[in-house]
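J.: The structure follows.
The values are calculated or read from the model by the stated rules, or taken from the named source; none is laboratory data. This is a predicted model, so every value here is computed, not measured. Please note: Cβ atoms are built from the backbone with ideal geometry, for glycine as well, and neighbour counts cover all protein chains shown.
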Amino acid sequence: MSLIGGSVQFVNHSGMPALEAYQRGADTAMIASPMNQLEHSLVVQKNITSVEQLRGKILGMSTAASLTDILLREGLRLNGIPEKDVTILPVGDLGARLSGLQTGRVHGVIIAGIQTLTATKMGFRQLIDFSKLPIEISGSGILVRRAYVTKNSETTLKFLKAWIEGIYLLKAKPEYSVAALKKYVATQDQEVLSTMYAHYRDKLDTKPAPLGRVAKSMFYLLSRTNPEIPSGNPEGFADPRFVNQLESAGFFDEMNRQYGK
């Protein structure tokens, strides 16, 4: 809503809400996407050892129609568990979901990335690793309004240069990057910090051109949970022109010389 309202010009977020807005007629677009695979997990009470044992259980996600909601339902379907066989509740943010597990309010919750390590250290079990499922999705990309980036192409290119250089910096300077993570993720646990760093160092793409097929895959997930969304052309949501301009101008060659591939 902030993006569409014009109070911000660039958003780093899952593309799902902006794609839905695009399909409904908004001029939203994704101009960069450094990671087109899932990093989510379904984490459960330690006494649950198989997917079949999820039947009759209560599972938590963040909010209704959110990415965690959509992915949880698809993950269950791909593992042969109909939605009617479980109860899915909106629980809230990560802290609320983990608290729900601890108190026994829910039997399992969907979380993402390094949060899985946090949960397993608390004694919970990773039951479904969504990265191994046949789903392509942009978990975090740069979202814009076309009206803005078309009128402000130079600002857009400068923003992308700085943002992409940050990915190169992350990969090239471990100590600097871990120190930054320690400052902003509010943990002093060195194992968590090191695992987080290794996770994103390996998964982030330094040439983050958005892909039409990923937008199509994301729309498939949206349409399964909300068939009222207009079909249109979801591939048009991905706009690689700015990343392509940077490549033509030799920006990535310069980054590779400066930081190494």
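J.: His40: touching a residue at least 24 places away in the same chain (Cβ under 8 Å) and under 18 Å from the mean Cα position of the chain (by Cα), yes or no? Quick ask: steps written out before the conclusion?
T.: Numbers: touching a residue at least 24 places away in the same chain (Cβ under 8 Å): yes; under 18 Å from the mean Cα position of the chain (by Cα): yes.
Yes, satisfied.
J.: Name every residue in region 139-164 that is surrounded by fewer than 17 Cβ atoms within 10 Å (Cβ to Cβ) and under 20 Å from the mean Cα position of the chain (by Cα), in order of residue number.
T.: Within region 139-164, just Trp163 meets the criteria.
J.: Identify all residues within region 204-228 that are of a type in the set (Val, Ile, Thr) and surrounded by fewer than 16 Cβ atoms within 10 Å (Cβ to Cβ); write none if there are none.
T.: Across region 204-228, the qualifying residue is only Thr225.
J.: Quick one: in region 231-261, which of the residues that are closer than 13 Å to Lys161 by Cα and surrounded by 16 or more Cβ atoms within 10 Å (Cβ to Cβ) is nearest to the chain's Cα centre (by Cα)?
T.: Val243
J.: Further, regarding this structure: Please enumerate the residues belonging to region 126-152 that are among the charged types (D, E, K, R) and part of a strand (DSSP E or B). Can you show your working first?
T.: Applying the first criterion (among the charged types (D, E, K, R)) to region 126-152 yields 129, 132, 136, 145-146, 151.
Within region 126-152, Asp129, Arg145 qualify.
J.: Looking at Ile88, Ile58, Ile4, Ile81, which one is within 26 Å of Ser231 (Cα to Cα) and either modelled with pLDDT of 95 or more or among the β-branched types (Val, Ile, Thr) (or both)?
T.: Working: Ile88 fails: within 26 Å of Ser231 (Cα to Cα); Ile58 fails: within 26 Å of Ser231 (Cα to Cα); Ile81 fails: within 26 Å of Ser231 (Cα to Cα).
That would be Ile4, the only listed residue that is within 26 Å of Ser231 (Cα to Cα) and either modelled with pLDDT of 95 or more or among the β-branched types (Val, Ile, Thr) (or both).
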